[in-house]
Amino acid sequence: MKALKACVAVLAVGTFLGGCGSEWTGEVDFKVVKINPPYESMGETKPSYVNLELDQDQPGGIERIDKKSADLDRFPEGIEVGDRVVCTVRQSDRGGFDQEGVQTEVGPCRLR
């Protein structure tokens, strides 16, 4: 009986800790500052990506948006340096206690 109570307690704590994560999604304005070609990393070809600059006040997300790049395939065809875009930004800290911190995903994006 003691073992059953201990298992129930462990499951309850695990459920509580697992549910402590948080998530934020919103649209954020950026300016395209650089389009980078594909590159090699650790024997693997990585896709082209776009460097972005925040083009609005910092939104009230989980944390400051510090990831300001996204793969080129997240943008409309023909994107150029200087274009202003609106991107969906997702920030999540699912585990809360996973030591990985907030994960930020940028894209898809569209011209503004």
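Quick notes
- The condition (being within 15 Å of the chain's Cα centre (by Cα), closer than 18 Å to residue 111 by Cα, open to solvent by less than 60 Å² (accessible area, probe 1.4 Å) and at pLDDT 95 or above) is satisfied by just one residue among 85, 50: 50.
- Test: residue in region 18-35 that is out of contact with any Lys or Arg (no Cβ under 6 Å at 6 or more places or on another chain), open to solvent by 60 Å² or more (accessible area, probe 1.4 Å), modelled with pLDDT under 95 and among the hydrophobic types (A, V, I, L, M, F, W, C): no
- Residue 76 meets the conditions (1) modelled with pLDDT under 95; (2) not in a strand (DSSP E or B) in every case but one. The failed one is (1).
- If you check 15, 45 for being modelled with pLDDT under 75 and of a type in the set (S, T, N, Q), only one passes: 15.
- Exactly one residue out of 74, 112 is touching a residue at least 40 places away in the same chain (Cβ under 8 Å) and open to solvent by 40 Å² or more (accessible area, probe 1.4 Å), and it is 112.
The values are calculated or read from the model by the stated rules, or taken from the named source; none is laboratory data. As the structure is a prediction and not an experimental result, all values here were calculated from the model. Ideal geometry is used to build each Cβ from the backbone, glycine not excepted, and the neighbour counts take in all protein chains shown. Ligands, DNA and RNA are stripped out before the accessible areas are found, and what is left, the full protein with its side chains, is counted by its heavy atoms. Shrake-Rupley method; radii C 1.70, N 1.55, O 1.52, S 1.80 Å.
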